[in-house]
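Trainee: For reference, the structure I am asking about is given below.
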């Protein structure tokens, strides 16, 4: 890892060109380095792999903000005696059914029919599914605000009887959100982990996996900017903004990287 950091520093100093970190280039400046050309080539390949991962902070931002706030949203709805923090089990149950169907059914079917469904395509589908889930979340929150007794101040008006009477709308409207989240997780997060591992050079797998995991941390940091919107009556605005951000990221992912898999296949 120290050699990686040193090589990256040399590349930045050389005008953001990793070839400037190669031993011959460094020797021209009177510096001897401990790595060889193959090491620099591995770093270059790792950086190319990480380009695809740079959009994932937006995915994590939207995923965490949406699903963390669903518990609060459920508390504003009629839960029929079910604790509002238990509704999220629907996501785990959906994942139990969805993951095997996709991995043991859909993917083999596409392979049998010789239908290309590359990692980039899978990630783009995951982004798109999560975008649709968030659009639906926005609609559900709007319906909550349009329903009495407290409308856009759920549990906070006199008719709520000391926060015991929610807005009269069923919590089961949330179920499609959790189902969409499970689909997105299989298509996007599982594939992202696979992509980061498979496309990283052998001695750079730890580095690329670290960068992949760091994307989640960056997404959590970005979430701090939305803190002022995570309260009534601003939640519709927050969900709408996040839906737009992820929709844009979905388009960028496909436009920028849809041919990456073909290039990789040709290089191999």
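The values are calculated or read from the model by the stated rules, or taken from the named source; none is laboratory data. Bear in mind that the values here come from a model prediction, so they are computed numbers and not experimental data. Note that we place each Cβ from the backbone using ideal geometry, even for glycine, and neighbour counts take in every protein chain shown.
Trainee: Go through (1) at pLDDT 90 or above; (2) loosely packed, with under 14 Cβ neighbours inside 10 Å; (3) within 26 Å of residue 71 (Cα to Cα) and name the single condition residue 219 misses.
Mentor: Residue 219 satisfies all of (1) at pLDDT 90 or above; (2) loosely packed, with under 14 Cβ neighbours inside 10 Å; (3) within 26 Å of residue 71 (Cα to Cα) except (2).
Trainee: Scan region 230-252 and give yes if some residue there is crowded, with 17+ Cβ neighbours inside 10 Å, assigned by TED's automatic domain parsing to the domain that holds residue 73, under 14 Å from the mean Cα position of the chain (by Cα) and more than 25 Å from residue 144 (Cβ to Cβ), otherwise no.
Mentor: For region 230-252, residues crowded, with 17+ Cβ neighbours inside 10 Å, assigned by TED's automatic domain parsing to the domain that holds residue 73, under 14 Å from the mean Cα position of the chain (by Cα) and more than 25 Å from residue 144 (Cβ to Cβ): present.
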